[in-house]
Amino acid sequence: MKNSLVTSWNPIFDDKPTIEVPRIRFSEKFSRKYFKKRNFILEIGCGTGSYFSIVDRRDCIGLDLNRDAIKIAKKYCLDSRFIIASATNLPFRAEIFDIICMWEVFEEIPKGTEEIIMAEVRRTLRSKAVFLLSVSNDHLISKILDPAFIFQGSRHYNLKRLLNLISDCGFSVTECTIRGGVNTIIANFLFFFCKHVLNKKKALIKTFFDKKSTKEFDSSGNGIVYIFIAANKN
């Protein structure tokens, strides 16, 4: 099995959840309609808890391989629980979760293990439960201007192939949308630049394009940057 893509860790930048990122904000909006009063929720690849710092409830479990990230998540997400484990071998019994989320995780898992992970997701989801995920879209412009793709080899996914994969793994897609445009591409570049060059989270130009990006995510128009999918376990 090939190694997963190692996410760069910056102790200055990654000292707390990055809830200001438009993609993370939209992930919460996209998932909100699937939440009920009583849900048992798992986020695979929770990182520093950026998504759960918005959702944060007692029935949430975050899973990640990075110990440093889990420590930050525990500090800021007081109601959620977190564990260190691999997505290819989820340490849970069958049919336990109502919702499983994977936000921008496929890009970093070992290449070729998508089916293994989706089999684990399906095993641990209850009947007709919901699988939510987002991935980077395989669009020429968004790919060639993506620093994570250029410098770290982060993968982008073709929508048609992704939908076929999800269907083949025993899920029925109920919702699919592509969000983010040119402003989102610029915002992503500035995020990368602030983290790896400036070593700081806030910059006026980054804030400006984050706001522009948020408008693109909230627009009903067709995007080019991120694919968001909701699917039910068959």
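The values are calculated or read from the model by the stated rules, or taken from the named source; none is laboratory data. Bear in mind the structure is a predicted one, so any value in this text is a computation, not a measurement. Counting neighbours? That spans all protein chains shown, and the Cβs are built from the backbone with ideal geometry, glycine included.
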Subset of the range 40-58 (residues that are under 24 Å from THR88 (Cβ atoms), of a type outside the set (Phe, Trp, Tyr) and assigned to a loop (DSSP other than H, G, I, E, B)): GLY45, CYS46, GLY47, THR48, GLY49, SER50
I want to confirm something. Restricting to the range 124-152 and keeping residues that are within 17 Å of the chain's Cα centre (by Cα) and part of a loop (DSSP other than H, G, I, E, B), which single residue is farthest from LYS36 (Cα to Cα)? ASP146
Which residues, counting only those in the range 78-123, are among the β-branched types (Val, Ile, Thr), under 22 Å from GLY49 (Cβ atoms), outside any loop (DSSP other than H, G, I, E, B) and more than 15 Å from the chain's Cα centre (by Cα)? ILE83, ILE84
Kindly indicate whether any position in the range 135-158 is within 17 Å of ALA87 (Cα to Cα), crowded, with 21+ Cβ neighbours inside 10 Å and not basic (Lys, Arg). yes
Quick one: would you say ASP168 is exposed (fewer than 14 other Cβ atoms within 10 Å of the Cβ), modelled with pLDDT of 85 or more and touching an Asp or Glu at 6+ places or on another chain (Cβ under 9 Å)? yes
Check whether at least one residue in the range 149-163 is at pLDDT below 95, farther than 22 Å from ASP98 by Cα and in contact with a Gly (Cβ under 8 Å, 6 or more places away or on another chain), and report yes or no. no
Test result for PHE149, over 30 Å from ARG58 (Cα atoms), without any contact (Cβ under 8 Å) to a residue 40 or more places away in the chain and of a type in the set (Phe, Trp, Tyr): yes
Every listed condition ((1) closer than 23 Å to ALA129 by Cα; (2) without any contact (Cβ under 8 Å) to a residue 12 or more places away in the chain) holds for LYS71 save (1)
Could you go through the range 95-112 and let me know if any residue there is free of Cβ contacts under 8 Å to residues at least 60 places away in the same chain, surrounded by 16 or more Cβ atoms within 10 Å (Cβ to Cβ) and under 15 Å from ILE227 (Cβ atoms). yes
Enumeration of residues in the range 63-77 that are modelled with pLDDT of 95 or more and outside any helix (DSSP H, G or I): LEU63, ASP64, CYS77
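Report yes if some residue within the range 175-184 is closer than 22 Å to PHE26 by Cα, over 17 Å from the mean Cα position of the chain (by Cα), in a helix (DSSP H, G or I) and not basic (Lys, Arg); otherwise report no.
Yes, that holds for at least one residue.
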Subset of the range 215-234 [under 16 Å from the mean Cα position of the chain (by Cα) and either assigned to a helix (DSSP H, G or I) or free of Cβ contacts under 8 Å to residues at least 60 places away in the same chain (or both)]: PHE217
Restricting attention to the range 141-158, the residues that are out of contact with any His (no Cβ under 6 Å at 6 or more places or on another chain) and among the charged types (D, E, K, R) number exactly 2
